[in-house]
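Down below is the structure, laid out as structure tokens.
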Amino acid sequence: MRTRKDVLADFSNEKRQKAMEKYLLIEPCLMQQESLAEISKQQNIPLRTLQRWKKDYETDGLVGLIHQTRSDAGKVRMDKTVLSEIERLLLQHKKMSIATIHRKIGSYCEEHGNTSPSYDQVYRFVKSIPLSLVKLAHHGEKAYKEKYELIYTRESNRPNEIWQADHTLLDILVTDEKGCPNRPWLTVILDDYSRAIACYYLSYAAPNATNTALTLHQAIWNKKDMGWPICGIPETFYTDHGSDFTSNHMEQVAIDLRINLTFSTIGIPRGRGKIERFFQTVNQLLLESLPGYMGNGINEDLLSIQAFKEKLHQFLIVEYNHRVHSSIHTSPVKKWDEANFLPNMPSSLEELDLLLLEIPKTRKVHSDGIHFQGLHYINPNLTAFVGESVLIRYNPTDLAEIRVFYKNKFLCNAISPTIADYSVDLKDLISARNKRKHILKDELKSPSSVDLLIAEKQKEYQKTEKEKKSGLKR
């Protein structure tokens, strides 16, 4: 009997991949496209086996299909050239029966000195060839698209039915951590029904699987900002064919969370018009009014990345999400939250962390806590684990807190007392270290990189407080 404490992260990639192969076999039934009996006949797999797989998946997700792998029975063992010839005969001849293919392949093997396969071997291999490939070969691209390509041309009927995600290289220059002008990338997840921003991520790094997973993690979980309620697991996650979206990790996450991961046609981004128009809105209503916008010519007075982040957050979450949208005649937040919508949430934040936060580090627990990035993290629960190795997972945009796991079980949240009052980005810490190196090169007494970073955060805090007081006096 499987218990729910098993999570996808507990198992090797090989076991995950085998579980995914089982899922793909029963997927037509889960999507109500074919019955298990039809799949059983097509794939030559016992109906009882398919019924067990379906029950295991409905109970435990992708994890339920792990540790129940089939033996090597049924695997087609033939020379690659023979397999290629069978495939050629099937795809080039629309009405050729399996019996005819078997007869012709026997003549082919005799002529080329190969061992002739049995009828059963030919039958199993023919049935293993994807029906979509056969449809394309026999009936053409149009028939293939009608049956196998899913294109969203209708409006969503409810919040979180479809989330769209995309990246864009913004048309603005802002100064990076080294003070150099640079163009940042913006990743956005948009709820198709309400047009609300579920999450966004700003980075100088080109889109990658880690940043995309981090963005999806933040989109799904509850936000600290009460004015930003969008959260939950979407039914469909609609994206382009970027490598970060099509990675094995994202596919496994989608299946385990029961998200239908759907891609637009390569070179034809149909269905992603809403998010494309949204990026135009960002350009027209935000970027064009800021220094450094590339359409306004060269401007020496560039914003810092921190200042730009604040303006972007204000525009996306405070203005755009709460302003009446011309297409839906209400604000995105009101549209998403209408009729007291209750989003489908993960069973726990720990499970979501294990699935999406792929930034694990192994550390030993010391008597004064866990040491990481020149900081130390504490929690009373760590006392019983001094000397033990633990796994930590962290959000690179905020190092004030880390999540600690022991043998793949969540142990506790540990905080760094040094920076607990600040939101500290890993890049900020690296920048502070670089400053310290320059001071050391000049042979001056240097504060630690953490001290430098805290000093900067204190200046920002004092500046904010002065602005608040100034506003009150007015």
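Bear in mind these aren't lab numbers, they're just calculated from the coordinates by the rules spelled out. Quick caveat, the model's predicted, so the values are computed rather than measured. Here the Cβ is made from the backbone with ideal geometry for all residues, glycine too, and neighbour counts use every protein chain on show.
Shown for VAL390, VAL324: other C-beta atoms within 10 Å of each C-beta, ranked fewest to most, produce the order VAL324, VAL390. Legend: ranking of residues ARG403, ARG195 from fewest to most surrounding C-beta atoms inside 10 Å; resulting order ARG403, ARG195. Calculate log10 I(q)/I(0) of region 80-148 for q = 0.14 Å⁻¹, where I(q) comes from the Debye formula with a single equal point scatterer on each Cα and nothing for solvent. Calculated log10 I(q)/I(0) at the listed q: -0.43.
Do the alpha carbons of any pairs in LYS15/LYS41; LYS223/LYS407; LYS22/LYS407; LYS22/LYS104; LYS18/LYS364; LYS41/LYS95 sit beyond 30 Å of each other, and which pairs? Write out the running numbers ahead of the final one.
Details: LYS15/LYS41 26 Å; LYS223/LYS407 28 Å; LYS22/LYS407 27 Å; LYS22/LYS104 32 Å; LYS18/LYS364 33 Å; LYS41/LYS95 19 Å.
In this structure, LYS22/LYS104; LYS18/LYS364 exceed 30 Å between Cα atoms.
Beta bridges per DSSP, both residues in region 162-340: antiparallel share near 70 percent. Derived scalar couplings between HN and Hα for region 404-417 equal 10, 10, 10, 6, 6, 10, 5, 9, 5, 9, 10, 10, 9, x Hz in order, rounded to whole Hz, by the Karplus curve 6.51 cos²θ - 1.76 cosθ + 1.60 (θ = phi - 60°), x for Gly and Pro.
Across the cross-link table entries LYS55/LYS142; LYS178/LYS311; LYS335/LYS361; LYS274/LYS409; LYS55/LYS361; LYS54/LYS135, which are compared at the Cα atoms, the separations over 31 Å belong to LYS55/LYS142; LYS335/LYS361; LYS274/LYS409; LYS55/LYS361.
Contact order normalised by length for region 108-234, with contacts defined as Cα pairs under 8 Å and 6 or more residues apart; what percent is it? Worked out over region 108-234, it gives 16 percent. Residues whose amide H comes within less than 5 Å of that of THR236, counting only those at least five positions distant or on another chain, are ILE162, TRP163, ASN260 (H built at 1.01 Å from N in the peptide plane). The modelled label-to-label distance between PHE341 and GLU235, using points 7 Å beyond Cα along the C-beta direction, is 1.1 nm.
Across all directions, the shadow cast by the convex hull of region 94-217 built on its C-alpha atoms averages 14.8 square nanometres. Evaluate the Debye formula for region 162-340 with equal point scatterers sitting on the alpha carbons, no solvent, and hand back log10 of I(q)/I(0) at q = 0.08, 0.10, 0.15, 0.19 Å⁻¹, in q order, two decimals. Log10 I(q)/I(0), no solvent term: -0.25, -0.40, -0.90, -1.37.
Fewest first, what order do HIS93, HIS167 take by the number of other Cβ atoms within 10 Å?
On the way: HIS93 14, HIS167 22.
Least crowded to most crowded, the residues run HIS93, HIS167.
Across all Cα pairs in region 8-65, the calculated P(r) in 5 Å bins from zero up to the longest distance comes to 4, 20, 30, 23, 13, 7, 2 percent per bin.
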